[in-house]
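Before any comments, here is the structure.
The values are calculated or read from the model by the stated rules, or taken from the named source; none is laboratory data. Computed from a predicted model, the values in this text were never measured in an experiment. In this analysis, Cβ positions are derived from the backbone assuming ideal geometry, glycine residues included, and neighbour counts consider all displayed protein chains. All accessible areas refer to the heavy atoms of the entire protein, side chains included, with ligands and DNA or RNA removed. Shrake-Rupley method; radii C 1.70, N 1.55, O 1.52, S 1.80 Å.
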Amino acid sequence: MDFRRIEVIFLIVFFSLDIFLFLSFRNSQQLVSSSSTNTSTVAEMRKRNISFGTLDTKNGSAYYLGSQPDNSLAQNVNKLRNQEVQYDENDRKITSSLNSTIAVTTADRQKIMDKFIKKDSNVLFGSDYKYAPQLSTTSQMVYVGTGSLGEIYDKTCELTFTIESGRVVSYTQTHVKSMIILHESQTIKSEKEVITNLYANSEIPNNSKISYANLAYTKLLVAKNSTIYIPVWFVTIRNKDSKVSSVKKVNAFTGNIIKNSANGDSSYNAQ
């Protein structure tokens, strides 16, 4: 992509961000502001039987990223074998039913499917995906897009296998070929800041466990047919009594808790 095109996208993203923030306010898509936290908050959390490992206090950096519409799946779909495939041009998504289902167990399913996706006649661009246990359930295995700039936790770049009665029977796939850096890197909130702010805002109940706290990019908005991504902390909280997990999302730049998805998608849930 030439410099002029990148420059145009750069201008579009910040103009669109201004519009997005204004519309978010008008539509009451509230982002709950995080409170200041300190070491005493961590001690209070432990007293309330909230379990977690060592919290990283380092503030890293991340970018605003952009991508153009990707037709690579459509261009390569004929390479797939031993499956019934449908391609949705609007969503740029593959839906596939396997002719021979794959037996898996909880213990071996990642190893088996990691091997399966490496073959291009099974799954296109399998090396562009990484298994995400945080987003997976007993009935679904979710693989997320990954690259040099980080992982993408978003429906625009995701490979999801469906499991029925201990067998992988089908999958859906979307793909992003490449990401463009739209702005120089900016400082992001640390893991400790994110966790303690979630607690301060009553998002972490007593008697629970923080299973995962991962940083990944997710879609913010679409502007002029370009998709804009921001870094988000995905925090999985598991209730020790009910064994039910939920995923909280936090804007890594601002520390704000994302109450409503910017792209209109439902929040990820885990089991």
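Determine the gain in length on full extension of the stretch Ile102-Ser202; use 0.36 nm per residue of separation and subtract their C-alpha separation, reporting nm with one decimal.
Once the chain is fully extended between Ile102 and Ser202, it gains 31.8 nm.
Give me a comma-separated list of calculated 3J(HN,Hα) values for the range 78-90, in order, Karplus coefficients 6.51, -1.76, 1.60 applied at θ = phi - 60°, integers in Hz, x for any Gly or Pro.
Listing the rounded values in order: 5, 6, 6, 10, 6, 7, 9, 10, 10, 10, 9, 5, 5 Hz.
In the range 36-75, which trypsin sites (Lys or Arg not before Pro) fall in coil by DSSP and have 11 or fewer other Cβ atoms within 10 Å?
Lys58
Which length gain, in nm to one decimal place, applies between Val222 and Asn82 when the Cα-Cα distance is subtracted from 0.36 nm times their residue separation?
46.9 nm
Taking H placed 1.01 Å from N in the peptide plane, check which residues at least 5 places from Ile50 or on another chain put their amide H under 5 Å from its amide H.
Asn207, Ser208
Under the Karplus relation 6.51 cos²θ - 1.76 cosθ + 1.60, θ = phi - 60°, what is the ordered set of whole-Hz ³J(HN,Hα) values for the range 242-247, x standing for Gly and Pro?
Calculated HN-Hα couplings, in order: 7, 6, 8, 10, 9, 10 Hz.
Taking a ≥ b ≥ c as the square roots of the eigenvalues of the Cα gyration tensor of the range 63-137, is the shape rounded (a/c under 1.5), prolate (a/b larger than b/c) or oblate?
It is oblate, given that a/c is not under 1.5 and a/b is not larger than b/c.
Of all accessible surface on the range 114-271 at a 1.4 Å probe, what whole percent is carbon and sulfur?
The computed percentage sits at 44.
Would you mind giving the three semi-axes, in whole Å and largest first, of the ellipsoid equivalent to the range 197-236 according to its Cα gyration tensor?
Taking √(5λ) for each eigenvalue gives 30, 11, 6 Å, largest first.
Which whole-number value in Å² is the accessible area per residue of the range 124-271, probe 1.4 Å?
40 Å²
Mean 1/r over all different Cα pairs, inverted: what Kirkwood radius does the range 37-186 give, in Å?
Evaluated on the range 37-186, it is 17.6 Å.
Given contacts defined as C-alpha pairs under 8 Å and at least six residues apart, what's the relative contact order of the range 62-105, whole-number percent?
This gives 31 percent for the range 62-105.
Obtain the nm distance between the two label points defined at Asp114 and Ser170 by a simple spin-label model: each point lies 7 Å from its Cα along the Cα-to-C-beta direction.
So the label points at Asp114 and Ser170 sit 2.8 nm apart.
Which whole-Hz couplings ³J(HN,Hα) result when phi for each residue of the range 119-136 is put into the Karplus expression 6.51 cos²θ - 1.76 cosθ + 1.60, θ = phi - 60°, listed in order with x for Gly and Pro?
Karplus-based 3J(HN,Hα) across the range 119-136 equals 8, 5, 7, 8, 9, 6, 6, x, 5, 7, 10, 9, 5, 10, x, 4, 9, 8 Hz.
Please identify the trypsin sites (Lys or Arg not before Pro) of the range 195-248 that satisfy two criteria: DSSP loop assignment and at most 12 other Cβ atoms within 10 Å. Which are they?
Lys224, Lys243
What GluC sites (Glu not before Pro) in the range 118-201 are in a loop by DSSP, with at most 16 other Cβ atoms within 10 Å of the Cβ?
Glu184
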